[in-house]
Amino acid sequence: MIAFDGVSVLAPDGTPIVADVTLRLGERRVALIGANGSGKTTLARCVNGLTLPTRGSVTVGHRDTRTDRRAVQRDVGFVFQDSDAQIVAPTPAEDVALGIRARGASRREADRAARAALQALGLGDQANQAVHTLSGGERQLVALAGVLVMEPAWVVLDEPTSALDLVNRRRVVDAVEAMAPRAVIVSHDLDHVRGLDRAVLLDGGRVVADGDPADVVDAYVARVGA
Ligand SMILES: Nc1ncnc2c1ncn2[C@@H]1O[C@H](COP(=O)(O)OP(=O)(O)O)[C@@H](O)[C@H]1O
Ligand SMILES: [Mg+2]
């Protein structure tokens, strides 16, 4: 269970970016939706302590992100919106191995686990390919493999399908659906969102709708007047 209790995040000038959010998230796939600037990324970053609340608390299981950040970050992986910012090694196999190496695995163990994680996402043949020659969708999947190989209980994904063509979008949507950890998914991909277990709509940093994704998406579309 991820619990937000009275969470506010203020910008340095005191403007609320997230305003008094209280939520209990336990579903397998939860979407965070809302217009640009509504606070989705900031709220998502609070889940694993990348951002700490100015007021209130965030806990994952019984661990508070403020007092137990390292343990929380083992439980919650984060896939950034920009996969280029997440991938640091020249090839997928080397990149996905980094996290497990840092955890103390031998080079050989890490390489085996990295290749298995890539294979599971359909990237077995690209394991040694130069990262810059992969498609955007493949890079997004490499970033996801690098998180999944650490076997977190939760994964937070920030707009995993934005900027992808239909084929790559499908690959990412299917990979996210099939993966073992629970997930919080920030998305503008309303078709994807409709297929998830729960959706939370943010507006101005506040939760303005929460529940069945079909209903929450309809509420969002109605508010936007689209
Ligand atoms: N560190 C920061 N300092 C000042 N303003 C910020 C900071 N982080 C985010 N913001 C502002 O807060 C608002 C919400 O940002 P964000 O959480 O990225 O929204 P979203 O992901 O929904 O687009 C935006 O207007 C953004 O410019
Ligand atoms: Mg964002």
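Numbers below:
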read-out: Cα→Cβ-extended label distance, 7 Å offset, between residue 24 and residue 66, nm; value: 2.2 nm
read-out: Expected 222 nm ellipticity per residue - DSSP helices of 4 or more, -39500 (n - 2.57), all of the chain, to 500; value: -11000 deg cm²/dmol
read-out: Segment residue 165-residue 116, extension gain: residue separation times 0.36 nm, minus the distance between their alpha carbons; value: 15.1 nm
read-out: Cα-based helix-to-principal-axis angle, 166-178 vs the chain, degrees rounded to 10; value: 80 degrees
read-out: Rh by Kirkwood over Cα pairs, then Stokes-Einstein D for segment 52-91 at 0.692 mPa s and 37 °C, µm²/s; value: 273 µm²/s
read-out: Trypsin sites (Lys or Arg not before Pro) within segment 72-140, DSSP loop, no more than 13 other Cβ atoms inside 10 Å; value: 103
read-out: Efficiency of FRET from Cβ geometry, residue 13 and residue 178, R₀ 35 Å, rounded to 0.05; value: 0.25
read-out: Tail fraction, Cα-Cα pairs, segment 1-93, threshold 17 Å, whole percent; value: 53 percent
read-out: With Cα atoms, 0 to 90° folded angle of helix 136-148 axis to the chain main axis; value: 90 degrees
read-out: Degrees separating the helix 107-120 axis from the principal Cα axis of the chain, which is the longest one; value: 60 degrees
read-out: Nonlocal amide H pairs with residue 17, under 5 Å, H built at 1.01 Å; value: 9, 10, 11
read-out: Rounded to 5, the percent of DSSP beta bridges in the chain classed as antiparallel; value: 50 percent
read-out: Listed residues 1, 157, 192: farthest to the positive end of the dipole of the chain (Cβ charges); value: 1
read-out: For the chain: Kirkwood Rh in Å [reciprocal of mean 1/r, alpha carbons]; value: 17.9 Å
read-out: Ellipsoid equivalent to segment 28-154 - semi-axes via the Cα gyration tensor, in Å; value: 28, 18, 11
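Taken together, the values in this text are just the output of simple stated rules run on the coordinates, not laboratory data. Keep in mind that this is a model prediction, so the values were computed, not measured. FYI the Cβ positions are ideal-geometry reconstructions off the backbone, even for glycines, and counts take in every protein chain you see.
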